[in-house]
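Asker: Got a structure for you, written out below as C-alpha cells; questions coming shortly.
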Amino acid sequence: MKKISAGRIITYVLLAIGGFIMVFPFIWMLISSLKTWAECGSMPPTWWPHNPTLENYIYAFKTAPFLKYFRNSVIVTIVCTAATMFNTILCAFTFSRLKFPGRDIIFSLMVSLMMIPYEMLIITNYTTIVKMGLYDTLVALIIPFTSSIFYTYILRNFFLSIPDSLYYSARVDGASDWQYLWEVMVPIAKPSLVTIGLLDALACWNSFMWSILVVGSVDNRTLPFGLFAFTDQAGVRFERLMAGSSIVVIPVIILFLFCRKQIVTGVSKGGMKG
Amino acid sequence: MKVTIKNLTKKFASRDKNGEPVIAVNNLTAEFESGKLIALLGPSGCGKSTMLNMLSGILPVTSGKIYFDDTDVTDLTPDKREVGLVFQNYALYPHMTVLQNICFPLKIKKVPKDERIARAKKIARMVHIDEYLNRLPKELSGGQQQRVAIARALVKNPKLLLLDEPLSNLDAKLRLEMREEIRRIQRESGVTTVFVTHDQEEATSISDYIVLMKLGVMQQFSATRDIYNNPANLFVADFIGNPTINQLHGEYTSSGFKPDGTDEIIPIKADVAEGTRTILAARAESVTFNKGENGISAKVNDMYSSGKDWLLNIDIGNNNLRGYCDADYELIPEEIIKVQFKDKGVFLFDEKSGERYC
Ligand SMILES: Nc1ncnc2c1ncn2[C@@H]1O[C@H](COP(=O)(O)OP(=O)(O)OP(=O)(O)O)[C@@H](O)[C@H]1O
Ligand SMILES: [Mg+2]
C-alpha cells in the first residue's frame, strides 16, 4: 500500500477545515432557506430540515419582484462586462502595439487615475448622471462602468509579452492591425480575458452602493439592492431572508461551476506571467 | 519575380560606441534574378535581418528604393507586398493548429474555406507535414515547426520568399537535412528566395548567389561559385571557406611577395608599388608540399585530421599556415620542407584596407 506521510495528512486536514469554514455559511443559508419559521428558530438548531419547504422562496418572489431584479442585474452585468471587455481590449492594444507620440505618458497618466478613491468618483459620477437626466434608469447603472484602467493595465502587459514577430508575421500574412488584434492577440489572451471578464461580471453583479444612489424605483433595482430592500420586507423572518439571499447567490455559484476551469487556469496563467 | 534594390540605407536612432547613429544597411544596391535563391551572408549584427525586414516591409527604409519587377514597393506596408516570411523563431500562431496556421494567410484573403483547406493540404504535403495538420505548434519539433512556417509563407503563392536564419535552432544533422529540403522546395515552387544566414557553409551549399555583408556594407554580390574563387577583398576571402584561408603578412617586392621573418620570396605578380605591406592569402588546397628543392622553405609543426582530409601545419617565417597533405605523409616535427603555391586560390591583399591586388 502507498504510504501517506503525516505531513500530508495534516495538510489535508487543515485544508478540509479551511474549506469547511469557507463553505459552511453558504450551506447554512441554503439549509435555513428550506426550513419553516418554527424550525429555523428552534433550539438546539436542526441540521437537515424535517419538512423541507419552498414556502420561503414563494414568499420572496411574491413580496419582491426578484425576477425583475434578476433581469435588471443580468442586463446591467452583461452590458457592463461586454462594454468593459471591448474597451479594455481596444485600449490595451492601442497602448501596447500602436506607436504614437506621448503614448507612454498618456498611459502613465491613465494608470495614475487608479489612485483616486472610488468614493470620490461616486460623487462626481452622481452629479454627472443627474445632470444628464439619467437618474433612476438602467443606463445610469451601466455608463460609469464601461471601462477599466486596471484591466487595461493587466491586459496591456499581457499583450506586451506576445512576441513582436507574431505581429510582423501576421502583417506579412496580409492581416491588418484590426485583424491581427481579433484573430491572433485576443485568442492568445483568452485565459486572461476570461478571468478579467469574470471578475468584472462579479463586480457588476454585486455592485450595491452605486445602485442605491442612482436608482429609486422598484423597476430599476438590481438584485443586491432588491435584497437590501427585501430585508425590510422580510422583517425578522430569518428563513425568508435566507431564501432571498439564495436567490441572489445561486446564479453566481452556477456560473462559477460552469467556468471553474477557465477561472483557475486564467488566474494561474496570469500569475505566472507576472 | 525580379527584385531590384537601389541605394538602400537604414539608419537607427540608437548610437554605436563612437556616438554615431547605427547604419544597419549602408547604400546597398543589388538585383536579384527571378527564381533564384540568394543567400544574405555576414557576421552577426551586419544588417542581414534589417535588410530582410525592409524587403518584407516590416521596417521602413531610411533612403533608397526597392522594386519588385518594375513596381516601386518601397512605401508599401507588409500586407500589400505579397511576400512570404519565415522568422528565425518561426512565429507560428500558438493557438492555431498546423492547418489553421497554414490557412491563415488565405483566410485573411477571404479565400473560400474548401479551397483554403485544399491549398493548405497541398503545400503541407510538399513540405512533408501532412501528418501533423491537427497538432498545435508546441506539439511539434523544431524542424516540423520550421516546415509549417515555410508552408504558411508559401501557401499564398508569394512573389518573394524571405527566410531569416530558419535553420539556426536546429541540430547539426537536421540542419543539413532541412537546407536540402529548402532547396528542393524552392526549386519546386520556383519562387525567388532570400535566405539569411551567418554560416558561410550553409550559404554556399544552398544558394545561387551570395550577398556578403559587413557592418551594413555589401562586400560582394556574385554567383556562389565565384565568391570562393574570386573574392573581392580580404574580408570575403577570410569569411568564405573552411578551413579558413591562410594569411601571410609581408611585403611586396619587385620579384614577388616576401613573408615576414624570412628572406625567401614567393613569386607573384601584382600591380602594386614595391615595399607595400600586403597579405598573401592562400586556400589550404592551393598549398603544396615537397621534400625536394622547389619553393619556399617552411618548418613543419604538426599534422591533424579534419574529417576525411589531413592538414599539415607549417611555419613560413613568422607566419603560420595549413595545407592539405596525404594521410600517409611521414611527419617529422621541425623538419624543413619546401612549399609551393598554385595559381588558383592564391590572392594578394593590401594589409590595411584589405583591397585585392591580384
Ligand atoms: N530596432 C533597432 N534599433 C536600433 N538598432 C538596431 C535595431 N535593429 C537592429 N539594430 C542594429 O542594427 C545592426 C544590424 O542588426 P541586424 O538585426 O540587421 O543584424 P543581423 O545581421 O541580422 O545579425 P544576426 O545575425 O545576429 O541576426 C546591429 O548593429 C543592431 O544593433
Ligand atoms: Mg538577424
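Asker: Could you please give the count of residues in the range A:156-200 that are without any contact (Cβ under 8 Å) to a residue 12 or more places away in the chain and outside any helix (DSSP H, G or I)?
Answerer: Result for the range A:156-200: 5.
Asker: Here's something else I'd like to know. With respect to B:GLY64, determine if the residue is more than 8 Å from ligand 1 (Cβ to nearest atom), surrounded by 15 or more Cβ atoms within 10 Å (Cβ to Cβ), within 14 Å of another protein chain (Cβ to nearest Cβ) and not aliphatic (A, V, I, L, M).
Answerer: The answer is no for B:GLY64.
Asker: Need the failing condition index for B:PRO166 against (1) part of a loop (DSSP other than H, G, I, E, B); (2) away from chain A (no Cβ under 14 Å), just the number.
Answerer: All conditions are met except number (2).
Asker: What number of residues within the range B:10-49 satisfy the criterion of being closer than 25 Å to B:GLU181 by Cα, touching a strand residue (DSSP E or B) at 6+ places or on another chain (Cβ under 8 Å) and within 9 Å of ligand 1 (Cβ to nearest atom)?
Answerer: 5
Asker: Looking at B:LYS36 and the list (1) farther than 22 Å from B:ASP199 by Cα; (2) more than 13 Å from chain A (Cβ to nearest Cβ); (3) among the basic types (Lys, Arg), which single condition is not satisfied?
Answerer: (1)
Asker: Same structure again: Quick check on B:PHE195: is it buried (at least 22 other Cβ atoms within 10 Å of the Cβ) and touching a residue at least 60 places away in the same chain (Cβ under 8 Å)?
Answerer: yes
Asker: Next question, about the same structure. Restricting to the range A:171-186, count the residues that are within 16 Å of A:MET85 (Cβ to Cβ) and touching a Phe, Trp or Tyr at 6+ places or on another chain (Cβ under 8 Å).
Answerer: Residues that pass the stated criteria total 2.
Asker: Can I ask one more? From the list A:SER42, A:SER32, A:SER73, exactly one residue is of a type outside the set (D, E, K, R) and surrounded by fewer than 17 Cβ atoms within 10 Å (Cβ to Cβ). Which is it?
Answerer: A:SER42
For every residue, the table says whether it meets (1) more than 14 Å from every other protein chain (Cβ to nearest Cβ); (2) assigned to a loop (DSSP other than H, G, I, E, B); (3) within 16 Å of A:GLY174 (Cα to Cα).
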| site | (1), (2), (3) |
| --- | --- |
| B:THR74 | yes, yes, no |
| B:ASP79 | no, no, yes |
| B:ILE102 | no, no, yes |
| B:ILE117 | yes, no, no |
| B:ILE123 | no, no, no |
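Asker: Cβ contacts < 9 Å: first residue facing chain A (nearest Cβ under 7 Å), restricted to the range B:83-94; second residue aromatic (Phe, Trp, Tyr) and surrounded by fewer than 24 Cβ atoms within 10 Å (Cβ to Cβ), any location; separation 6+ or different chain. Result?
Answerer: Going by the 9 Å Cβ cut-off, the qualifying pairs are B:VAL83/B:PHE68; B:LEU85/A:TYR168; B:PHE87/A:TYR168; B:ALA91/A:TYR167; B:ALA91/A:TYR168.
So that you can scan it fast, the table gives a plain yes or no per residue for (1) more than 32 Å from the chain's Cα centre (by Cα); (2) closer than 26 Å to B:ASN7 by Cβ:
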| residue | (1), (2) |
| --- | --- |
| B:THR62 | no, yes |
| B:PHE87 | no, no |
| B:TYR90 | no, no |
| B:ILE108 | yes, no |
| B:LYS113 | yes, no |
| B:PRO137 | no, no |
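Asker: Looking only at residues that are surrounded by 21 or more Cβ atoms within 10 Å (Cβ to Cβ) and under 25 Å from B:ASN157 (Cβ atoms) in the range B:26-45, which one is nearest to ligand 2 (Cβ to nearest atom)?
Answerer: By that ranking, first place goes to B:LEU40.
Asker: Could you please find all residues in the range B:46-72 being away from ligand 2 (no atom under 13 Å from the Cβ), out of contact with any helix residue (DSSP H, G or I) (no Cβ under 6 Å at 6 or more places or on another chain) and of a type in the set (Val, Ile, Thr)?
Answerer: Matches in the range B:46-72: B:THR62, B:ILE66, B:THR71.
Since every read-out is calculated from the coordinates, none of them should be taken as a lab result. Note that the structure is a prediction, hence the values are computed from the model and not measured. With ideal geometry, Cβ positions are generated from the backbone for all residues, glycine too; neighbour counts draw on all protein chains shown.
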